[in-house]
Amino acid sequence: VFRDTVFNDDIKDLASDALEIGIDSVMENEILAEVPIVKSVIALGRTGYLIHERNLMKQTLNFVKGFNSGSIDENKLKQYRDKIYSDSAFAEKELGRIIIILNKQVEDYQSLVLGKIYSSYVNGNISWQKFCEYSEANERMFLTDYSLLQKLSKELQRHLDSEDKYKIGRLIGLGFVVEKESPASEQSVIDQVYNNFRSSRGRDNHMISNIIPSSDYEI
């Protein structure tokens with residue numbers, strides 16, 4: 001059911017439509033009710049849909065939306081789809097892991113991000129091992145962590161407040177961010193030069209700090 005929901009081209013747009021109108025409306029829509037994951041939940045009985053199954057359905061639809069939000073090479077997608085349908089052990093290993101994660105998720109955005117990570121894996125941009133690492137980190141993130149990552153990626157570190165700096169500790173723990181002066185960081189030449197200037201006590205130190213903005217963290 002999950003496999004047919006993710007790798008069915010006819011469901012790409014339906015997943016977004018279903019999320020827009022709400023889960024209860026999906027159950028009553030004849031077209032959306034044919035989506036495999038939706039059909040499976042309906043089959044459990046229309047009286048008081050189980051909360052667990054309803055949540056899995058919603059998270060799966062968010063996952064599908066994220067998976068289809070990017071561009072995947074058609075040949076790579078076909079090769080992966082063929083393997084998923086021909087090798088049951090392979091499908092159980094990879095799709096089974098994703099289902100377990102979605103089963104535990106309560107935040108829609110995390111499922112959307114997981115779909116994007118999976119898309120990157122299918123596209124050959126990251127390995128399965130990296131997918132597992134990113135999916136685990138994604139599961140442990142707070143929703144506010146995503147906006148903080150965007151701040152850091154856009155070099156908006158001077159706009160970080162005390163609460164942001166507290167959250168950075170979590171991102172460091174997840175392996176997404178390092179302190180520039182830590183052994184894990186890779187300083188550029190300009191960073192090394194600037195740090196040398198910062199450590200000096202010359203009269204031009206203040207002027208240099210205005211030319212080259214301080215940046216304490218990197219992704």
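The values are calculated or read from the model by the stated rules, or taken from the named source; none is laboratory data. Please read these numbers as outputs of a predicted model, since none were measured by experiment. Counting neighbours? That spans all protein chains shown, and the Cβs are built from the backbone with ideal geometry, glycine included. Ligands, DNA and RNA are excluded from the accessible area calculation, which covers all protein heavy atoms including side chains. Shrake-Rupley method; radii C 1.70, N 1.55, O 1.52, S 1.80 Å.
For region 148-153, backbone phi angles converted through the Karplus equation (6.51, -1.76, 1.60; θ = phi - 60°) give residue-by-residue couplings of 5, 4, 5, 4, 5, 5 Hz, Gly and Pro being listed as x. Separation of the alpha carbons by more than 25 angstrom is noted, of 130/180; 78/130; 58/151; 39/65; 104/165, for 58/151; 104/165. Going by accessible surface with a 1.4 Å probe and the largest first, 98, 51 read 51, 98.
A cut-off under 15 angstrom between Cβ atoms defines the neighbours of residue 121, and their net charge, with Lys, Arg +1 and Asp, Glu -1, is +3.
If you add up the charges near residue 173, with Lys and Arg at +1 and Asp and Glu at -1, over every other residue whose beta carbon is less than 13 angstrom from its beta carbon, what do you get? Before the final figure, lay out each step's value.
Numbers: positive: 140, 167, 170; negative: 136, 145, 179.
Net local charge, residue 173 excluded: 0.
Could you compute the FRET efficiency for residue 39 and residue 166, with r as their C-beta to C-beta distance and R0 at 35 Å, rounded to 0.05? If you can, show how the numbers build up before the last one.
Details: r = 45 Å, r/R0 = 1.28.
About 0.20, to the nearest 0.05.
At 1.4 Å probe size, with the rest of the protein present, what percent of the exposed accessible area of region 62-179 is carbon and sulfur atoms? Carbon and sulfur atoms account for 50 percent of the accessible area of region 62-179. Surface exposure of region 104-173, expressed per residue as accessible area with a 1.4 Å probe, stands at 56 Å².
Note on residue 130: accessible area approximately 90 square angstrom, rounded to 10, probe 1.4 Å, nucleic acids and ligands left out.
For every other residue with a beta carbon closer than 14 angstrom to the beta carbon of residue 138, add +1 if it is Lys or Arg and -1 if Asp or Glu, then tell me the sum.
Details: positive: 97, 104, 116, 130, 140, 170; negative: 107, 108, 133, 136, 139, 145.
Spelling it out: positives minus negatives among the neighbours equals 0.
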